[in-house]
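Below is one structure; the comments refer to it alone.
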Amino acid sequence: MDFQVVVLAGGFSKTLVPLVSKEVPKALLPVANRPVLSYVLELLEQNDLKNAIVVVEGESAALLISSWISSTFVDRLDVEVTAVPEDVGTAGALRAIDHRLTAKDILVVSGDLVSEIPPGAVAAAHRRHDAVVTAMLCSVPVSGPSDSGSSGAKDKAKKAGRYNIVGLDPTKQFLLHIAAGAEVDKDIRVQKSILRAVGQMEIRADLMDAHMYAFKRSVLQDVLNQKETFQSLRREVLPYLVRTQLRSELLLNGAQSEENGNGKDALQNSKILLSQLLANASTPSFHEIYALGPAGSAPILRKTHKCCVYIANKSKYCARLNSIQAFSDINRDVIGDANHLCGYTFSAQNNIIHPSAVIGSKTTVGPQCMLGEGSQMGDKCSVKKSVIGRHCRIGSNVKIVNSVVMNHVTISDGCSIQGSIICSNVQLQERAVLKDCQVGAGFVVTAGSEHKGESLAKKEKQ
């Protein structure tokens, strides 16, 4: 396929505090008791993409991720883990490894993507149109609790940040406009030349940029070198390429036409070649028609480049773990409606209870639940739509609903946990009550205390 795969795994994401810690960078956050990065790497493996560069922000995060990959994917994938400075952004991360990019096309995948959509479909669309970039778009994930209880209360106001405003041509193959982040709330501004060339544009707010891109390498390197201030692929590089597609300044195929002598001949030759291609093509794109001008009247061949989309089927699961709410949503989905992604076999009761787990008398673990290796539960407990990690110690009369409990957590008698995320090595003392909370690693929740919508974490040592 001649695609080079780059996985952008991030580092210790500030937006995911207190879930991330010095021991657990974003890429190692658990989804159904497996690091989220494992879902991307297994997707690549299933699609016979066995070589990848995993880019991590920060040396310490890179060491942790490299160690985990070495032990988990030995003899399965050839992965090179590369550390880049922290907070350089997605574009900055690619700029930092520019010298390692050598293939004709680069497939860039976010390490927080949980998806079943084959990367090869994006690559095929990219090659079919000879595009400079092809972005995968998927349906916006359903966010929030499935019934009672929610999680990530503190970032509910950020849900709109997951959406994009997307403009598509009538064939739904070409990207005419894309806005992300703060740009979503601004007026839609589209180049007049693009609107004139395409005739009409469909505006969509129900699609999400999944952060899986195929780039023409020469173009990607050209933009990263020219636009040194660009930090984000989603908010800066992609919108720039879309805006300039009919007034391209890119070094397509590694060369620019000369402006004198032979340059005119080259333009004329390429114009003749393009005319021949158009004559043989059943449905030329608006880029090719625009390049020639009305009835081929352009005095010189107008430079254009193509920005394409691959729109995933609505039935295919696709979500990014890029917020605390998304962490809860994806864990809920992967042991629920999208349980084919987790790689485990579910019981007749539609749950996963590890053979080494111990369950007390009159304790119920409901459907769409997971109880990890070596965990123990006392008597008269109730677990509903929750994930419980490995080697947890849970007392009697404990209720856990719509929550994620990580590894080595101790929950004493009479505790109630609803819509919350409990990180590893946390201790909940007797009768503690949590609703819509996140509890950072190693925190102790005192006996009889009640917390609602709080983020509880140990103070970092200076």
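The values are calculated or read from the model by the stated rules, or taken from the named source; none is laboratory data. As the structure is a prediction and not an experimental result, all values here were calculated from the model. Cβ placement follows ideal geometry from the backbone for every residue including glycine, while neighbour counts extend to all protein chains displayed. What goes into the accessible areas is simple: the full protein's heavy atoms, side chains included, and nothing from ligands, DNA or RNA. Shrake-Rupley method; radii C 1.70, N 1.55, O 1.52, S 1.80 Å.
Protein heavy-atom accessible surface, 1.4 Å probe, per residue over region 367-408: 35 Å². With R₀ set to 45 Å, the beta-carbon distance separating residue 240 from residue 364 gives a calculated FRET efficiency near 0.25.
Each of the peptides 422-433, 228-239, 78-89 was scored by the mean count of other Cβ atoms within 10 Å over its residues; in descending order, highest first, they stand as 422-433, 228-239, 78-89. The apolar share of the surface of region 289-447, taken as the fraction of accessible area on carbon and sulfur atoms (1.4 Å probe, ligands and nucleic acids excluded), comes to 50 percent.
Between residue 459 and residue 227, the C-beta separation translates, for a Förster distance of 35 Å, into a calculated FRET efficiency of about 0.30. Subtracting the Cα-Cα distance of residue 100 and residue 347 from their residue separation scaled by 0.36 nm leaves 84.3 nm. Specify whether the C-alpha gyration tensor of region 364-403 places it in the rounded, prolate or oblate class, a ≥ b ≥ c being the square roots of the eigenvalues: rounded for a/c under 1.5, otherwise prolate if a/b is larger than b/c and oblate if not. It comes out oblate by the Cα gyration axes. Between residue 50 and residue 391, the contour length at 0.36 nm per residue exceeds the alpha carbon distance by 119.5 nm.
The distance separating the Cα centre of region 107-135 from that of region 39-58 comes to 13 Å. In terms of the mean number of neighbouring beta-carbon atoms within 10 Å, the peptides 101-111, 386-396, 344-354 order highest first as 386-396, 101-111, 344-354. On the beta carbon distance between residue 124 and residue 399, with R0 = 41 Å, the FRET formula returns roughly 0.25. For region 345-384, the relative contact order comes to 42 percent (Cα pairs under 8 Å, sequence separation of at least 6).
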